[in-house]
Every structure is written in C-alpha cells, then in structure tokens.
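J.: Here you go, one structure.
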Amino acid sequence: MKKFQIPLFYNSNIIDQIRRIRESKDPRKKDLSPSLIKIDNIHVYIGRHFGFCYGVKNAIEICYQTIEKYPNKRIFLLSQMIHNQAVNDDLLENGVSFIMDTHGNQLIKWDNINQDDIIIIPAFGTSLEILEILKEKNINTEKFDTTCPFVEKVWNRLEQISRKGFTVVIYGTAQHEETRSTFSRAKKYGPSIIVEDIEEVQILCNFMSGKESEFNVKKIFQNKCSENFNFKKDLAKLGVVNQTTMLASETKHIIDLFTNTLVLKHGEENIKNYIANTRDTLCYATNENQESTLRLLREEVDLAIIVGGYNSSNTTHLVELTSEKTEKTYFINSAKKILPNNSIKHFDIALKKEIITKNFLPKKECKVLLTSGASCPDILLENIIMKLTEINNITIDQKAIIKDFEMRY
Ligand code: SF4
C-alpha cells in the first residue's frame, strides 16, 4: 500500500515498532490476534488493525502539503476533514477554516469565498450540489480533492445498479457527510432512499409485504428519499450500498431482510432480478478494524478503551461491538480524559454526553483492551498507555517493552 507523508507528531514510536514487528511476521495481515504489550502489572491488548486508514492518511497528506505549499493563500475545508478533534484542531491552528459544520450548516457564507481561495474536499467527499456551487465560482478543486477512493467505489457501484433499474438503498446516517454525498449521486441516477437502522428496514419490508401503511412509510422517510419517490413502485427492485463505515453484521442483516421479503414475492429462482449483489461496499479499513475488534473480544479483559472522535461512525461501531462483551468500555477522544485521580471522562453513546467513572483502573494486575478508529492518530494510544502507567506508578521502559514484545511474536 502507498506510503504517505504524515506529520511526525501524529506518530508513536512504541506503536510504530509494534506495527513493524507484526508486519514483518505477518505481511499478508492474516493473523488477527491482538498485540499484547506487558508493562509491569498492566497488560494491554491492542487490536491487530486500528488507526489511520488509507483514506485518512491520503487526506492528511494533501492537507498538510497544501498548507506548506501555499502560505499566502486562504485555505478552506468544506467541513471537518475527518472526524477527529485533535487533527481538526491542528488544521485550524495552521490557519485552515471550515466552511460548514459536520451537519452541513454554513459557518462561512459562500459570498466570502472566491476563486483565489483553496477549497479542500474532505475524505467523505461532497455532494453534487456543492460541487456545482464551487464550479460556478470557478474554483478548481481537482488538486485538493481528498475524497477517499473507497467512497468513490460506492458511488461507481450505485451508478451501475441504478442504471440496471434497481432503486438504490443507502444504509447510513442521513446527516453524515459521506451519506449526504452518496445520496446526492444516487438521486441523480434514479429513485433512492436512506435507511439508518434495522428498524427502518423492517418497516420498509413490512410495507412491501402489505403489513405497513403507505402513510406511515411516507412520514418516516419524508426527508430520506429522492423527490417523487413512489413507495408502491420504487421498492420493487433494490440494491443496497453502504456508508463505508457501518457495522458489517448489520449490513448483511439488512440485505438478508430485503432478500427474504423479495423471495417471498418472486421466488428464490428469480431473486437476482429483484435484489442487486452489493455485498462489497464497506471499505477494507472498516472490515479489518471490526474483525480485529471481534478477535480482541475473545480475550478476557478488565476494561476496554476505544479511542476516536465522538462523531466518528467507524469508532462508534467499535464501541458498540465492545460494549456487548465488556461492560467497562470507555470511549475517549484524548489521553486528557484519563484523570490523575484514577477517573476517566468518557463518552456515553446512549446518553450522547461525557460521563465520569471513578476508580476505573484496578490497582492489581489488569488486562486492558485498547483500540482506535480509522481517524485516530497513533500518538493518542501511546499517550493513553502513558497515563495508565502513571496511575499505577509504573516507570515505562520502552526498549524493554519492545524487546519483550519482539520475543513473543
Ligand atoms: S474509513 Fe474507509 S472509506 Fe473512510 S476514509 Fe478510511 S479507507 Fe476511506
């Protein structure tokens, strides 16, 4: 895979060494067993795959190179480049401004943007409507488009299935930048609809089977389907594509629900005419990180720490997976959330706010699961490991830790 130029302050020496050792023993990345690092009485189980993915590295490289190359230009990002507070804060400090927030609300008016400005398109891509605004302003974004190729792959896939007469069903969060970008393309080619969870899919399946009223589905999906969507006609032939960071198990479940409903109507032998084969629209990083986390969960641990932006879709799914097995799962976005008095300030995804848990780290020997989302710099993991050792008054000897690790792998 291509090597990217990432600012050194995002790297971690200890994590780099662990990656290097694992890759040297397992270059094809087949072994999903966790990386165990032993630091005195704290045993940290790190996921085989975690942290910056291809698309994020690509976006970071383009952003920082642009800042360096064009010191006299105004540089804007359409919205957050990735869902990571630390990275976005650093870009702001380097003079980059965000035109919109993550929900698409305007922070800087289009009137204040002109053709001399540099506009960077984030890794999620952007909608056709926004590309049109930029075109009207004669702003060329080609050199500054960091749209991830795995997102573009979904767009290509939806175009193919739409041209074959299938209605595009997008499984994603309607407000997420990537889903808005994908939806804008799907609408261009034909009827399309966004489903946000299994419950919504079940409602559509019930409608398709005559067990739900049209009034109800119209109400539920009023802002989530293309203009003039005809629920009676447009749910006849379906193709499901994903926001690339959704849960793999749910994606499969959604396709199965639609398939089963259509099989009952048309029979197994005809199903290919009614549901498109689209099981490949999650990205590689989502699959790898989720599979590594599932493998991590085979370990009996005392607690789990998942690191990433609170609005990061892929990180939130890692938290969901982990919480099912480990009650003491703490979702944090920075090592600063680990407080010196053995408390942790962590994000509760159900309450949608940070809460504090006291005495979260056992003083005795303990096992900690640690992993991060695709937009999280490695240095955050290192800082977290340091904080854990500080709480238990352990002096860290990096060389000894790596030597011990290397001997075991
Ligand atoms: S998570 Fe996947 S789709 Fe998103 S930026 Fe990373 S590689 Fe691309």
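J.: State, to one decimal in nm, how far the label point of residue 13 lies from the label point of residue 188, with both points 7 Å from Cα in the Cβ direction.
T.: Distance between label points: 4.9 nm.
J.: Take every Cα pair under 8 Å in the range 149-273 that's 6+ residues apart, average their separations, divide by the length, and report that relative contact order as a whole percent.
T.: 32 percent.
J.: Using a probe of 1.4 angstrom, how much of the accessible area of the chain is carbon and sulfur, in percent?
T.: Heavy-atom surface of the chain belonging to carbon and sulfur, 1.4 Å probe: 48 percent.
J.: What's the FRET efficiency of residue 353 with residue 74 using the Cβ-Cβ distance as r and R₀ = 30 Å, to the nearest 0.05? Walk me through the intermediate numbers first.
T.: Details: r = 35 Å, r/R0 = 1.17.
With a Förster radius of 30 Å, E is 0.30.
J.: Still on this structure, please answer the following. Using a simple charge model, +1 on the beta-carbon of Lys and Arg, -1 on the beta-carbon of Asp and Glu, nothing else, what dipole does the range 44-177 show about its Cα centre, in debye to the nearest 20?
T.: Dipole about the Cα centre, nearest 20: 500 debye.
J.: Please arrange 284, 10 by accessible surface area, largest first, computed with a 1.4 Å probe and ligands excluded. Kindly include the intermediate steps, with their values, before the conclusion.
T.: Numbers: 284 55, 10 10 Å².
Sorted descending by solvent-accessible area, the residues read 284, 10.
J.: If you take the Cα Rg of the range 55-144 and divide it by 2.2 N^0.38 Å, with N the number of residues, what do you get?
T.: Numbers: Rg = 12.0 Å, N = 90, 2.2 N^0.38 = 12.2 Å.
For the range 55-144, the normalised Cα radius of gyration comes out at 0.99.
J.: Rolling a 1.4 angstrom probe over the protein heavy atoms, how many square angstrom per residue are accessible across the range 55-144? Show your work: numbers first, answer last.
T.: Working: 4490 Å² over 90 residues.
Each residue of the range 55-144 exposes 50 Å² on average to a 1.4 Å probe.
J.: Run the 1.4 Å probe and let me know the accessible area of residue 116, rounded to the nearest 10 Å².
T.: 100
J.: At 7 Å along the Cα-to-beta-carbon direction for both residue 38 and residue 409, put a label point, then send me their distance in nm to one decimal.
T.: Between residue 38 and residue 409, the simple spin-label model gives 1.6 nm.
J.: Contour minus end-to-end for residue 399 and residue 143, with contour as 0.36 nm per residue of separation and end-to-end as the Cα-Cα distance? Show your work: numbers first, answer last.
T.: Details: separation 256, 0.36 × 256 = 92.16 nm, distance 4.19 nm.
Length difference between fully extended and current span is 88.0 nm.
J.: Set the Förster radius R0 to 41 Å, insert the Cβ-Cβ distance between residue 209 and residue 324 as r into 1/(1 + (r/R0)^6), and round the FRET efficiency to 0.05.
T.: 0.85
J.: Given R₀ = 25 Å, what would the calculated FRET efficiency be for residue 256 paired with residue 291, taking r from the Cβ atoms and rounding to 0.05?
T.: For residue 256 and residue 291, the calculated efficiency is 0.80.
J.: Further question on the same structure: Give me the extension gain from residue 160 to residue 175: residue separation times 0.36 nm, minus the current Cα-Cα distance, reported in nm with one decimal. Before the final figure, lay out each step's value.
T.: Numbers: separation 15, 0.36 × 15 = 5.40 nm, distance 2.44 nm.
This chain segment gains 3.0 nm when fully extended.
J.: Still on this structure, I have one more. Using only protein heavy atoms and a 1.4 Å probe, report how much of residue 187 is accessible, in Å² to the nearest 10.
T.: Residue 187 exposes around 90 Å² with every protein chain in place.
J.: Could you check the simple spin-label distance between residue 269 and residue 133, using points 7 Å along Cα→Cβ, in nm with one decimal?
T.: Going by the 7 Å Cα→Cβ label model, 5.4 nm.
J.: Give me the distance between the Cα centres of the range 162-227 and the range 349-409, rounded to whole Å.
T.: Using only Cα atoms, the two centres lie 41 Å from each other.
J.: Could you name the lysines in cross-link range of residue 358, using Cα to Cα under 20 Å and dropping any fewer than eight places away on the same chain?
T.: 328, 336, 337, 345, 367, 387
J.: Then there's this: How big is D, in µm² s⁻¹, for the chain by Stokes-Einstein at 10 °C and 1.306 mPa s if Rh is the Kirkwood radius over C-alpha pairs? The partial results should precede the final answer.
T.: Working: Rh = 22.9 Å.
For these conditions, the coefficient is 69 µm²/s.
J.: Right, next: Would you mind checking the radius of gyration and Dmax of the range 149-273 based on alpha-carbon positions, in Å?
T.: Using the Cα atoms of the range 149-273, the pair Rg, Dmax is 13.5, 40 Å.
J.: Suppose only helical runs count, i.e. DSSP H with n ≥ 4. What mean residue ellipticity at 222 nm does that imply for the chain under -39500 (n - 2.57) per run, divided by all residues and rounded to the nearest 500 deg cm²/dmol?
T.: One gets -12500 deg cm²/dmol as the mean residue ellipticity at 222 nm.
J.: I'd like the accessible area for residue 295, computed on protein heavy atoms only with a 1.4 Å probe and all protein chains in place. Round to 10 Å², please.
T.: My reading of the accessible area for residue 295 is about 50 Å².
J.: Leaving out ligands and nucleic acids, note down the accessible area per residue over the range 149-273 with a 1.4 angstrom probe, in whole Å².
T.: 47
The values are calculated or read from the model by the stated rules, or taken from the named source; none is laboratory data. Everything numeric in this text was worked out from a predicted model, so none of it was measured. Cβ coordinates were reconstructed from backbone atoms using ideal geometry, including for glycine residues, and neighbour counts include every protein chain displayed. In case anyone asks, the SASA skips ligands and DNA or RNA and just uses the protein heavy atoms, side chains included. Shrake-Rupley method; radii C 1.70, N 1.55, O 1.52, S 1.80 Å.
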